[in-house]
1. So what J values fall out for region 194-199 if you push phi through Karplus, 6.51 cos²θ - 1.76 cosθ + 1.60 with θ = phi - 60°, rounded to Hz, Gly and Pro as x?
2. So for the chain, Kirkwood radius off the Cα pairs, Stokes-Einstein at 4 °C and 1.567 mPa s: how many µm² s⁻¹?
3. Pairing the Cα long axis of helix 256-271 with the longest principal axis of the chain, what angle in degrees results, from 0 to 90 and rounded to the nearest 10?
4. Across all directions of projection, what mean area in square nanometres is found for the Cα convex hull of region 301-363?
5. Measure out, as a whole number of angstrom, how far apart the alpha-carbon centroids of region 199-218 and region 91-135 sit.
6. Which ³J(HN,Hα) values in Hz, rounded to whole numbers, follow from the phi angles of region 332-341 under the Karplus curve 6.51 cos²θ - 1.76 cosθ + 1.60, where θ = phi - 60° and Gly and Pro get x?
7. Taking the 0 to 90 degree range and rounding to the nearest ten, how far is the long axis of helix 37-52 tilted relative to the main principal axis of the chain, both from C-alpha atoms?
8. Could you name the lysines whose alpha carbon sits less than 19 Å from that of Lys293, not counting residues in the same chain fewer than 8 places away?
Amino acid sequence: MCQIRCAVDLTFSTEHEARAWLSAHVPSEPLPSLDTATGFAAHRAWERTLFDDRWSVVSWPTEYGGRNLGIMEWLVFEEEYYRARAPKRVSQNGIFLLAPTMLEYGTEVQKERFLPPMAAGDEIWCQGWSEPDAGSDLAGIRSRAARNAGDDGWVLSGQKTWASRGAFAEWCFGIFRTDPEAERHRGLTYFLIPMDAPGVTVRPIPQIDGETGFAEIFFDQVEVPDDQVLGQVGAGWSVAMATAGSERGLSLRSPARYTEAAGRLLDLYDRRGGRPSSTDAVAQAYMDAEAYKLHTYWTATKVSRGHAVGPEASCNKIFWSETDVAIHQAALDLLGPEAELLEAGAPGEWLDGYLFSLAGPIYAGTNEIQRNVVAERLLGLPRG
């Protein structure tokens, strides 16, 4: 996928310390779903526990709550985190998506103001990108921001939807059209918006299980000061693409998520007597998870040597999302009707994981759009 040849650096020094800390601190019982008010609060408390011992954001600079470790050490920590079956990260929109963008584009004042409470779980972020008529076609957004009468801030109007964590988050990062006369990819600006600002209305979106993992957000003449613009006015597309690169590339979906799931799939296969009809699917899912791990470490090695990820992030996104579906589909095939048992101790977590995996090819830009990116920007094929 890239003509730059990089050796894969697989020398680590972090895993033992992380493993010991996680063994001592990971809750013995799973936390309630983070898509409920009770579960959200429990996951927020877990973020504070991580932060207090500087395990929340190990690759961040120490002044923002991190350990100033490299990307390789972060990947090692992620392996230990998933191996320990630690809670989901309720702060992931902030620490994995917004933070890398803020470290690149933010002012020093913005970094000092927003990064520490983000790392501590004191302020949870949701993403305000998708709109009713603009999902994967992000450049088609219609929500607008206009200069206020005093020319010292902005007034936001419009609607965002499918905002993960939006039902409970304190802040939203999103892009709005500040120049309606500019071409589609220009005239956009990236804003940081408090969810309790006058004019913000949050409407939770119930899922099939009744939980509210998403929300619609309405902006009715919401005033935002200039210091809550991230990057340059009118350059929101470039800033947003940095966030999208984190979402599709290294930050959001570390390989440990899939290698651990693939390991549990292999254990399930053994416990079910190695059903011959499932052998190929289980083997392929396991190999794909390992391939994604090796590719991610190769990419991380390249990044640690100063190279950008670039459009290869679209390949990553396609691969991890479809691998996730394949792992869970293979598990459901092994379990048969038993997969539908959801009571405590039953294998229903595979069904829950499968239902979530189906969203993977859609969020972070649909896989159809990502295949277009691969075709045009990596393979050089003509548009259309």
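1. Karplus-based 3J(HN,Hα) across region 194-199 equals x, 6, 9, 5, x, x Hz.
2. 59 µm²/s
3. Result, in degrees: 30.
4. Average projection, Cα convex hull of region 301-363: 5.8 nm².
5. Taking the Cα centre of each part, region 199-218 and region 91-135 sit 19 Å apart.
6. 5, 5, 5, 7, x, x, 4, 4, 7, 6
7. Relative to the chain, helix 37-52 is tipped by roughly 90 degrees.
8. By straight Cα distance, Lys293 reaches Lys302, Lys317.
Values in this text are rule-based calculations from the coordinates and carry no lab data. Quick caveat, the model's predicted, so the values are computed rather than measured. Every residue, glycine as well, gets a Cβ built from its backbone with ideal geometry; the counts of neighbours run over all protein chains shown.
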